[in-house]
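This report concerns only the one structure given below.
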Amino acid sequence: MGHVPNPRPAGDFRTSYIDDNRLFKTHFEARAAIFIVLALIVAAPFVGTYWLTQLILIGIYAIGAIGLNILVGTTGQISLGHGAFFGFGAFASAWLATSFNVPTLVSMPAAALMTTAVGMIFGIPAARIKGLYLAIATLASQFILQDFFARADWFSGGVYGALADRPDIFGYVLDTDLKYFYLVLFWVVVSVFGVTNLLRSRDGRALVAVRDHYLSAEVMGVNLTKYRVLSFGISSFFAGLAGALFGHYLEYVSVEGFTILLSIQFLAMIIIGGLGSVYGSILGAAFILLLPQAMESITSVMALVFPAMESGKAYVKQMSIGAAIILFLIFEPEGLVHRWQQIRASWKLFPFSR
Amino acid sequence: MKWDLLFQLLVNGLIVGMLYGVVAMCFVLIYKSTQVVNFAQGEFLVLGAWVCLALVTNMQLPFFLAFIFTLVFMAAFGIIVQTVILRPLIGEPIISVIMVTIGLSIFMQSLMNWIFGNDAKRFPDVFGTSDIVSIGGLNVEVAYLLSLVLSIIIMGVFFWFFRFTRHGLAMRATAFDQQIAQSLGISVKQTFAMAWAISAVVSGVAGIVIGIVNSVSNSLAFVGIKVFPAVILGGLDSIVGAVVGGIIIGVLENMAEYVDGQWLKIGNLYTIAPFYVLIIILMIKPYGLFGTKDIERI
């Protein structure tokens, strides 16, 4: 099937720029979004602890992935240090909450802002270099931050890690997973709205221009340095927010948790979900989180036939992520979102879709 | 100041740096001829070491035979990776190419963990390598000397190959301009496959050498990450730069160790120092010492 540019229902013409810039492209999209959020709110108490945990983690990783997607998908930079920024947010929030008794309601956004600052510092090389060189520079930032976590006892608790209490809202402690889920859902909705809004603004278009053709963008008056560093800041903001949510969810932040592997997983999420797509980031986060678990059950079943598989469970989980990255890049480089669009297009254009 | 310790570390740095240089050379070879940054270079190295070790210990082959088989295996492996994984991605954006090698690296890492286990294993003592010889008052293990000699031989062969053979010339031509090379009858596909094969073979040799010097374990893949500071310092597309960068990073690491141990006492400085250097170089001289400057014309 040839390329179908995201078909719209018949009669849905856009006659003004305001129409073209709406938050939701179609009424269906708006209704679907509201429906999904409402369904999650209603269904959350009934899904059981396992799925509740999964939903919380998907939400947290989705926020981080949305942030990385601004940097990679929208601005066309590459970051191999997103996992470290995520970790920085987790430590920063725990540090603020335990050392200064900042209420968690404040410490989470504050941690996100601190991560923004760190991200912008490490984004400074982006002013001069791009592409491959930038990827390697962010690789260095990953190792430098990781080293910092292990070394800075005052900040991260060093090898012992940091404790993070469950957040409370004016004395109302979010002590159960269910309550925490609503908090995460709130931040996911805020992030999705924030980013979709950003992308239809002047700044968002500038970011896209930097990605598509940076020379033309500069000729058009887009300040390249500003927007490159800014995109690092924005992406780190969401990484920090997600990290803070992660830390307070587990109630403990470990130094070992934020290796290069986490950064790679974030990149895998946005590639599998679809570069430059907000909804794709959420899909990708769900995919990367659920894939290892699906693989684990598959290996358990296979272990009944081949007992040798039993020992390989942990490795198969990690291998599946690597394999997913490779297979998606070869067979579906535009990600799950593109696949969904194709399915939708083939329904809409039914007799002519092949 | 402890002069003997300083000198000892300097020599160590030089020897380790030569090995970094060899791996960096493989990395640059792939980048220069196929424009792919291979994040799985470290895993290639570990794979070579494991395969050779398995042939020696499990199959009881003599070391020399095992070595030859490993080289053949690595060449085949390099060609397979290039044709199956990287050929479909020609013309895709740079992030795809980077990510596919990263995916390959975590795939290989966990597969090797599974097959060969998590523990470090030692090579049987083939050359009496744990003997210590004294050169000018310095105690140097034979294994280190061996690795030094082997690194120099590899570099010499590289030089000879690119300078004086037909295939080397074809490869340089492809690196210079793929379209012109193709129009002159060079098979670009073959050249790409050959670049990966050579790179995999030489990484395998480096892996075996490092395996003999230390011991074989999956953590050796970290050399693949250490290569980045080296190649950025030398310039991403310069083979001479890779060698020089590798040596500088090796020496720098050991100097950091010395400074750390003598004065700073913060510990573990030598693993992280190359990355600080990397950031600084990228800020002041992004194309490295010998790299070609990317001049863009509008």
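Quick notes on this one:
- Filter result for the condition that a residue is crowded, with 16+ Cβ neighbours inside 10 Å, away from every other protein chain (no Cβ under 11 Å), of a type outside the set (D, E, K, R) and farther than 16 Å from A:Phe246 by Cβ, over A:Val184, A:Val118: A:Val118
- Taking the criterion of being modelled with pLDDT under 85 and under 25 Å from the mean Cα position of the chain (by Cα), the residues of region A:6-31 that qualify are A:Asn6, A:Asn21, A:Arg22, A:Leu23, A:Phe24, A:Lys25, A:Thr26, A:Phe28, A:Glu29, A:Ala30.
- Counting residues in region A:174-181 that are in contact with a helix residue (DSSP H, G or I) (Cβ under 7 Å, 6 or more places away or on another chain), of a type outside the set (Phe, Trp, Tyr) and in a helix (DSSP H, G or I) gives one or more.
- Out of A:Leu267, A:Leu275, one residue alone is of a type in the set (A, V, I, L, M), outside any helix (DSSP H, G or I) and surrounded by 21 or more Cβ atoms within 10 Å (Cβ to Cβ). It is A:Leu275.
- Per the conditions (1) within 30 Å of A:Asp168 (Cβ to Cβ); (2) modelled with pLDDT of 90 or more; (3) out of contact with any Ser or Thr (no Cβ under 7 Å at 6 or more places or on another chain), the sole criterion not satisfied by A:Phe232 is (1).
- Residue list for region A:83-103, restricted to those being surrounded by 23 or more Cβ atoms within 10 Å (Cβ to Cβ) and of a type outside the set (A, V, I, L, M, F, W, C): A:Gly83, A:Gly87, A:Gly89, A:Ser93
- Of all the listed residues (A:Ala345, A:Ala324, A:Ala294), the sole one being within 14 Å of chain B (Cβ to nearest Cβ), surrounded by fewer than 24 Cβ atoms within 10 Å (Cβ to Cβ) and more than 22 Å from A:Ala84 (Cα to Cα) is A:Ala324.
- Flag for A:Asp175 being under 21 Å from A:Leu57 (Cβ atoms), surrounded by fewer than 20 Cβ atoms within 10 Å (Cβ to Cβ) and more than 14 Å from chain B (Cβ to nearest Cβ): yes
Conditions (1) of a type in the set (Val, Ile, Thr); (2) in a loop (DSSP other than H, G, I, E, B); (3) surrounded by 21 or more Cβ atoms within 10 Å (Cβ to Cβ), marked per residue:
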position: B:Ala221; (1), (2), (3): no, no, yes
position: B:Gly224; (1), (2), (3): no, no, yes
position: B:Ile248; (1), (2), (3): yes, no, yes
position: B:Met255; (1), (2), (3): no, no, no
position: B:Tyr287; (1), (2), (3): no, yes, no
position: B:Lys293; (1), (2), (3): no, yes, no
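- Any pair with Cβ under 8 angstrom, 6 or more apart, that starts in region B:260-281 at a residue that is over 22 Å from A:Arg128 (Cβ atoms) and ends at one that is at pLDDT below 75 and of a type in the set (Val, Ile, Thr): B:Asp260/B:Ile266
- Filter result for A:Ser281 (more than 14 Å from chain B (Cβ to nearest Cβ) and either crowded, with 19+ Cβ neighbours inside 10 Å or outside any helix (DSSP H, G or I) (or both)): yes
- Residue satisfying condition, being among the charged types (D, E, K, R) and touching a His at 6+ places or on another chain (Cβ under 9 Å), within set A:Asp165, A:Asp153: A:Asp165
- A count restricted to region A:194-223 and to residues that are among the polar types (S, T, N, Q), in a helix (DSSP H, G or I) and under 26 Å from A:Lys25 (Cα atoms) stands at 2.
- Verdict on A:Leu304 being more than 14 Å from chain B (Cβ to nearest Cβ) and free of Cβ contacts under 8 Å to residues at least 60 places away in the same chain: yes
- Annotation for region B:180-196: no member residue is over 30 Å from B:Val56 (Cα atoms) and within 16 Å of the chain's Cα centre (by Cα).
- Selection status of A:Leu113, out of contact with any helix residue (DSSP H, G or I) (no Cβ under 6 Å at 6 or more places or on another chain), part of a helix (DSSP H, G or I), touching a residue at least 12 places away in the same chain (Cβ under 8 Å) and surrounded by fewer than 24 Cβ atoms within 10 Å (Cβ to Cβ): yes
- Tally of residues being over 15 Å from B:Asn218 (Cβ atoms) and surrounded by 14 or more Cβ atoms within 10 Å (Cβ to Cβ) across region B:53-67: 7
- Listed by position, the helices (runs of 4 or more DSSP H) inside region B:78-186 whose residues that are within 14 Å of chain A (Cβ to nearest Cβ), modelled with pLDDT under 90 and surrounded by fewer than 16 Cβ atoms within 10 Å (Cβ to Cβ) number at least 1 are B:94-116.
- Residue match in region A:164-172 (condition: outside any helix (DSSP H, G or I), acidic (Asp, Glu) and either more than 12 Å from chain B (Cβ to nearest Cβ) or in contact with a helix residue (DSSP H, G or I) (Cβ under 9 Å, 6 or more places away or on another chain) (or both)): yes
- The condition of being among the aromatic types (Phe, Trp, Tyr) and in contact (Cβ under 8 Å) with a residue 60 or more places away in the chain holds for only one of B:Phe176, B:Phe161, B:Phe192, that being B:Phe192.
- A:Gly247 in contact (Cβ under 8 Å) with a residue 60 or more places away in the chain, in contact with a Leu (Cβ under 7 Å, 6 or more places away or on another chain) and either closer than 22 Å to A:Tyr50 by Cβ or at the interface with another protein chain (Cβ under 9 Å from one of its Cβ atoms) (or both): no
- Among the residues making up region B:228-239, those that are more than 10 Å from chain A (Cβ to nearest Cβ) and either at pLDDT 85 or above or part of a helix (DSSP H, G or I) (or both) are B:Ala230, B:Leu233, B:Gly234, B:Ile239.
- Verdict on A:Ile298 being within 21 Å of B:Ile95 (Cβ to Cβ) and either in contact with a Lys or Arg (Cβ under 8 Å, 6 or more places away or on another chain) or hydrophobic (A, V, I, L, M, F, W, C) (or both): no
- Helices (runs of 4 or more DSSP H) wholly inside region A:21-109 containing at least 3 residues that are closer than 21 Å to A:Leu289 by Cβ and free of Cβ contacts under 8 Å to residues at least 60 places away in the same chain: A:27-43
- Matching entry among A:Leu71, A:Leu132 (being modelled with pLDDT of 90 or more and within 14 Å of chain B (Cβ to nearest Cβ)): A:Leu71
The values are calculated or read from the model by the stated rules, or taken from the named source; none is laboratory data. Just so we're clear, the structure is a prediction, and the values are computed from it rather than from any experiment. Backbone-built Cβ (ideal geometry, glycine too); neighbour counts: all protein chains shown.
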